[in-house]
Amino acid sequence: MAWVPIIPLVENHGVLLPHSVATVKIGLGSGDGMTKQKNETQTGATRELAKRSRALVRLLVEAGGGLGTHGHQDDAHGWLQDRPEELPDPSSASAMRGERSGAMSRKAELSSAKGALLCALTLVREGDRWAGAETVRTQVEGAGSFEFYGVGCVCRVLQVRVDRGRREATLAIEGLARARVKSVTASSALVMGHCVWPRPDPSRHGPSMRDIRRLAEALYSVQKGILKAQNVPSDGLGKLTKSLWQLAAKSDASEVPMWKAQSWATQVSDLLLASPLLDKLMSRTQRLEALLVTSPGDRVRTFTSILQQKCSDHEALQLLRSMEKGGDGGAAGTAVAAGRARTGRARSGSAEDADEWDELEQKLENNLPKDSKVYREAKREFRRVRDASAYKNMPPQPGDNMMRKWLECVADVPWLPSSTAGNGAEGPESQHVLLRAISVMDERHYGLKTVKRRIVQYLAVQQLLSQARSKGEGGGKGARSPVVLCLVGPPGVGKTSLARTIAESLDRPLQRVSLGGVRDEAEVRGHRRTYIGAMPGRVVQALIQSKTSSPVLLLDEMDKAGGADGGLSVRGDPLGALLEVLDPEQNHSFVDHYVGHPIDLSDVFFIATANSLDTMPPALRDRLEIVRLQAYTPQEKAAIGVRHLWPKALSRHGLAGGRVEGEFEISELKPEVVEHVAESYTREAGVRQLERCLASICRHIATKVALEAERKAKGGAEKDAKGTLTFEVGHELVNKVLGEPKVASTSRRHLARRMQTPGVAAGLAWTSSGVGTVQLVECCSMSLTAVVAAGVEAEGADNGRVGRLTLTGQLGEVLEESAQIALTWSRSQLTASTPRRARRAATREDVHVHLPAGSVPKDGPSAGVTIAVALTSCFHGKLCRADTAMTGEISLHGAVLPVGGVAEKVRAARKVGISRVVVPEANQREAREALQDGGKGEKVEVIAVRWVQEAIEACIEGGNPWAAPSERPTPSNYGAGGQQTLLSRAVDAKL
């Protein structure tokens, strides 16, 4: 508490508020009052109050703060001393101050005009008082009384100026803080007030975050509505509004202390209350109302309500004017009401938004585990974003929409284990799972016995593990099968449909995650939440779409993810990101970058598909159990076409049943017709192209049926003499619809004709479409051709020259290396007993190796044996057997190495009519199993070899020409290194 001199403010001075600077003009003439009040007669109390104001000015000037018109303080002080009748006696002021114990001394109070403390109180005018307003009254002897409002502003004097000509003094004062005046005493010299400074606790009485956002919204509405309409610059107000909104957001995120946000909001409201920018928006009464509120929170709310009311009135006025301009004056009241109603909706949000927020909150409560970190973060962010979205007039903040999307994503993720029997988190618990799986797979898939058996085994293990967990055995939830099936096979053999069958057998939803062409690691792990357009990874998206924590997740085309360099790029390695997803020891806490919290993937049944394993990293292949799907045989394609593809094609083209009484009739499709279509018009491992061919036949029939129906409808009673249309689906109709065969068939007679020249051998190859084929390898020695043509031998013309190797036919690097190894091995077989022509062709003459069909790229490690046999045939001038085809890779010492795709290769040989195939010994079992499928063709003999000499012995007419008949090698006299022991004896004989 303290006694402070009072500077009275009348209506012309308005209201002094904290943080504001004001000027108060006080008349110094004998007839002047405190201010220039026009058209009013000063009462006795007012005159007495004016005298005390002039006395206050005199004290301030004496303290050294007065500045005259010309800037001379002494002149101003002397000018005041010449008018003693206008000012009270200074001694009376000293006596008054002495009468008050505890009051400040004159030197302590006004030691310097700059910095002197006063209390600015507003006088109560007639009709200005409202209910609840606190006032204080003081009595002036012999002149009546006057009344002040009980809350004023403690101010600091900045400057005192005295103008001689206008006979007035101007005080520049700065509001510091509110002060509650307990009592006012007016002596003969000054008016003194007994003041206290209220200090409310900001944590208890400060504005809430909701109040701060409402204030920011109201300021934004004033800026964009009222001030913009009046062309008042408001850039500073916009910056303050933005700072308020950001401060509230940071305070919710615990980045800024709560008290700091409350303090800043209070200062902003006080500054704007005293700002000239809002002079036209706020009346004197409203400013007084804001001044009298001492609680910071109540003051902010009062200021906000005043601004909101002004915005509502402004919008209603604009609507009224627009209606009047449009000529609909009768709707003026409706327009005003509509404007106020719409403003109310803008503040509180629409009912639809409220329903959406309620639904989101309910999903968060139901789907998230209550004791988890993600639940606590989601609830905190939900409250913040919901409160921010309630203010529609505020500009959207960049983080709010992103956070709302994140909340919707988190609410949709299946965090809790599924409780239904079919989708249980503990594996397939429903009865007869195995029987249903066997039934569905046999019904929908023909053949594939090995694949079906492996899938049934997996389901059986899962069922036993589920039973063990239900009994509390087997290690609890951690007792899970670590197997992730990977179906590898050519396109169109049923990998995706098999995964769909597995999901149906388990009664789980199937979600397909296509990885083909994925180059960004964020596609698997998700994007960082702060990025624009961020979204969760494809694994989490699949979980959200399945709405269960235990779906069947199909990772389709896994081998096509990543770049050509194995997946490494500047955007990460998507295949490397799959390691955590597929590892049973890690995927129970998989962290998606967007979600930011661990997600349990241990209940998900992963199935991967791929066409090849070559592009997969070894670490990823190690986590997969490879189940290979072979290409369909012609007989399997025929059965699939008759049982599945043809009925589906008829149904899709409106020809279901194959017969409509009185309209058309379609004959039964025979397996040999489907086999003819598969062999003559398709070259594929699967049945996709076969399905397209059958669809072409159905379109042809549907066109005929539709035209005939229109013809009959147009002719009326006249009917076609032919009656019912009948379609015989046979070779004739197939050739008519599909045209000439698209795939040229290779016969044994054609191969025999091509192989009537030395240097031509029949090899077996595996194509990119997943089927096998017979590939001829042609070799030619340049000088040998010239000798045969000229009939002479150019002896000595190129002594010392080593022949060159030329390769053509679009060969890849691996195939080129195989040809070089075969030539090197052939040259290493030269001995003293080798014919002179063979020695010359192998060492001195240029060799050209060509693989026909040069427009087709060729590569792979399975042509070494074929090239070695073709080179041997070329060097020795002996023919290769036309009934024998071969496959296999060779080492530099002549060992035959195993290769892939043997099943497709031997089936291709049988289809052509070849009766003998030479395969590596390690592939012997696979080749024999492939020939036991009951396919048509001659019986094929499988010859397994370990060394390239054995292959040459079986493939060239007359046996191995590298050794004399007495030195012909047997399997028992091949060395461990692959070289013949007879070569060592020949070298010993030379030495």
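Annotations for the structure displayed:
- Of the residues making up segment 803-827, just one is over 23 Å from G763 (Cα atoms) and surrounded by fewer than 15 Cβ atoms within 10 Å (Cβ to Cβ), namely R804.
- Flag for I544 being farther than 30 Å from D400 by Cβ, assigned to a helix (DSSP H, G or I) and in contact (Cβ under 8 Å) with a residue 60 or more places away in the chain: no
- Selection of segment 178-189 for residues being among the aliphatic types (A, V, I, L, M) and either modelled with pLDDT of 80 or more or open to solvent by 50 Å² or more (accessible area, probe 1.4 Å) (or both) yields A179, V181, V184.
- Of the criteria (1) in a helix (DSSP H, G or I); (2) more than 26 Å from the chain's Cα centre (by Cα); (3) without any contact (Cβ under 8 Å) to a residue 60 or more places away in the chain, which one I640 fails: (3)
- Of the candidates E889, E845, E816, the single residue that is free of Cβ contacts under 8 Å to residues at least 24 places away in the same chain and among the acidic types (D, E) is E816.
- Residues in segment 888-915 that are closer than 13 Å to A765 by Cα, modelled with pLDDT under 90 and not in a helix (DSSP H, G or I): G900, G901.
- Every residue from segment 664-679 that is of a type in the set (G, A, S) and either open to solvent by 20 Å² or more (accessible area, probe 1.4 Å) or free of Cβ contacts under 8 Å to residues at least 24 places away in the same chain (or both): S667
- Number of residues in segment 490-537 that are part of a strand (DSSP E or B) and β-branched (V, I, T): the value is 1.
- Test: residue in segment 927-950 that is over 30 Å from L448 (Cβ atoms), of a type outside the set (S, T, N, Q) and assigned to a helix (DSSP H, G or I): yes
- Each residue in segment 916-961 was checked for being open to solvent by 10 Å² or more (accessible area, probe 1.4 Å), closer than 24 Å to E636 by Cα, at pLDDT 90 or above and of a type in the set (V, I, T), and 1 pass.
- Test for R453: is it part of a helix (DSSP H, G or I) and of a type in the set (K, R): yes
- Number of residues in segment 126-157 that are modelled with pLDDT of 80 or more and either under 60 Å from the mean Cα position of the chain (by Cα) or not in a strand (DSSP E or B) (or both): the value is 7.
- Screening D859 on (1) buried (at least 18 other Cβ atoms within 10 Å of the Cβ); (2) in contact with a helix residue (DSSP H, G or I) (Cβ under 6 Å, 6 or more places away or on another chain) shows it passes everything except condition (1).
- When segment 683-717 is filtered for residues that are of a type in the set (A, V, I, L, M), modelled with pLDDT under 90 and within 39 Å of the chain's Cα centre (by Cα), the ones remaining, listed by number, are A685, V687.
- Every residue from segment 270-307 that is open to solvent by less than 20 Å² (accessible area, probe 1.4 Å), closer than 19 Å to I226 by Cβ and either assigned to a helix (DSSP H, G or I) or modelled with pLDDT of 75 or more (or both): L272, L273, L278, A290, F303, T304, I306, L307
- Any hit, segment 207-223, residues being open to solvent by 40 Å² or more (accessible area, probe 1.4 Å), under 22 Å from T302 (Cα atoms) and modelled with pLDDT under 75: no
- All conditions in (1) surrounded by fewer than 17 Cβ atoms within 10 Å (Cβ to Cβ); (2) in contact with a Pro (Cβ under 8 Å, 6 or more places away or on another chain) hold for H876, with the sole exception of (1).
- Qualifying residue in segment 617-635 (condition: charged (D, E, K, R), closer than 30 Å to W406 by Cβ, open to solvent by 40 Å² or more (accessible area, probe 1.4 Å) and touching a residue at least 40 places away in the same chain (Cβ under 8 Å)): no
The values are calculated or read from the model by the stated rules, or taken from the named source; none is laboratory data. Everything numeric here is computed off the predicted structure, so don't read it as measured data. When we count neighbours, we look across all protein chains shown, and the Cβ atoms used for this are built from the backbone with ideal geometry, even at glycine. Calculation scope for accessible area: heavy atoms of the full protein, side chains included, ligands and nucleic acids excluded. Shrake-Rupley method; radii C 1.70, N 1.55, O 1.52, S 1.80 Å.
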